[in-house]
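Student: Below: one structure in structure tokens.
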Amino acid sequence: MCSVEKTKIIASSTDKFKIELVEKLSKESQFEIFNISKDLEKIYGRNSMLNEQNIDKYFNQSTLPFIARYHNRIIGFIIGVPLEKFKNQSWVQYDENLGRDNTLYTYAFIFESDFRGKHGFAKTLKKIFSNWAKKRGYQYISGHINENSIKKSSSKLEIIKKFNKWYESKDPFVYYRRKI
């Protein structure tokens, strides 16, 4: 683990909300990420949690990781990974964009429960994430989402494949793509 943090503030507001692009996370920030990612386990199962063994796989220079801070405390994050990094996964074979280097897969997008659906923090983070992806030449963002959550989504999603069983989840999930 690294002890020196290196981030770039992309957006900030007067109410102490900041969005940062991550190059390196400090040990303290990593532990904040680990704690927030515990909620991923409730949705996707144990293997989805970030920990000391896998954090560098998702927070590195070949991914697009952003953190959201409120009063200098990490309250959420989003991680984009080039689709091609998952080429050995069975689900990605359904995506016609595999090999075209034009799709950023949303590996994780989560906020602490106290900040979900409040203040517009998640919406702001997702908008900045999409803009940065587009600036880097990506044309699409993809990911997996609970089938019931599609109805709540305000963006136009193209459903690529439905998975009745998605890892340890009890609910069906869909693999989606969205043009940016």
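Here, each number is a calculation from the coordinates, and none is a lab measurement. These figures come from a predicted structure and were not determined experimentally. For neighbour counting, all protein chains shown are included, and Cβ atoms are generated from backbone atoms with ideal geometry for every residue, glycine included.
Student: Taking a threshold of 25 Å on the Cα-Cα distance, which of the pairs LYS18/LYS38; LYS38/LYS156; LYS18/LYS126 fall above it?
Tutor: In this structure, LYS38/LYS156 lie more than 25 Å apart at Cα.
Student: Work out from phi, with θ = phi - 60° and the Karplus expression 6.51 cos²θ - 1.76 cosθ + 1.60, the ³J(HN,Hα) of each residue of region 157-171, listed in order in whole Hz, and give x for Gly and Pro.
Tutor: Calculated HN-Hα couplings, in order: 10, 9, 7, 8, 7, 9, 10, 5, 10, 10, 6, 9, 6, 8, 9 Hz.
Student: Work out from phi, with θ = phi - 60° and the Karplus expression 6.51 cos²θ - 1.76 cosθ + 1.60, the ³J(HN,Hα) of each residue of region 98-107, listed in order in whole Hz, and give x for Gly and Pro.
Tutor: Each residue's phi maps through the Karplus curve to give 4, x, 9, 6, 10, 10, 9, 7, 7, 6 Hz.
Student: Dipole of the chain, Cα-centred, from +1 at each Lys and Arg C-beta and -1 at each Asp and Glu C-beta, to the nearest 20 debye?
Tutor: Taking the Cα centre of the chain as origin, the dipole is about 600 debye.
Student: Mind ranking 106-114, 143-151 by how tightly packed they are, going by the mean number of other C-beta atoms within 10 angstrom, highest first?
Tutor: Result, highest mean first: 106-114, 143-151.
Student: Sticking with this structure for a sec: If one takes the longest principal axis of the Cα atoms in the chain, at what angle in degrees, from 0 to 90 and to the nearest 10, does the Cα axis of helix 121-135 lie?
Tutor: 70
Student: Starting from the Cα of ARG116, move 7 Å in the Cα-to-Cβ direction to define the label point; list residues of region 5-40 whose amide nitrogen is under 11 Å from there.
Tutor: Backbone N within reach: 39-40.
Student: Taking the alpha-carbon distance from LYS135 and a cut-off under 20 Å, which aspartates and glutamates remain once sequence neighbours fewer than 8 residues away in the same chain are dropped?
Tutor: GLU20, GLU23, GLU84, ASP101
Student: Which one, (i) 68; (ii) 23; (iii) 45, gives percent of Cα pairs over 27 Å apart as derived from the coordinates shown?
Tutor: (ii)
Student: Show the residues, 5+ positions off or on another chain, whose built amide H is closer than 5 Å to the amide H of TRP166.
Tutor: The answer is PHE173.
Student: Related question: How many angstrom lie between the C-alpha centres of region 115-142 and region 75-99?
Tutor: 16
Student: Karplus couplings for region 57-66 from phi (6.51 cos²θ - 1.76 cosθ + 1.60, θ = phi - 60°), rounded to Hz, Gly and Pro as x?
Tutor: 5, 10, 10, 8, 6, 9, 10, 10, x, 10
Student: Mind giving me the FRET efficiency for GLN139 and ASN88? R0 is 25 Å, r the Cβ-Cβ distance, nearest 0.05 is fine.
Tutor: E between GLN139 and ASN88, to the nearest 0.05, is 0.65.
Student: Straight-line reach from LYS161: which lysines have a Cα under 20 Å away, not including same-chain ones fewer than 8 places off?
Tutor: Excluding near neighbours in sequence, the set is LYS85, LYS87, LYS151, LYS152, LYS170, LYS179.
Student: Relative to the longest principal Cα axis of the chain, at what angle does helix 27-44 sit, 0 to 90 degrees, rounded to 10?
Tutor: Orientation of helix 27-44: about 30 degrees from the principal axis.
Student: What share of the DSSP beta bridges in the chain is antiparallel, in percent to the nearest 5?
Tutor: Restricted to the chain, the bridges split so that about 90 percent are antiparallel.
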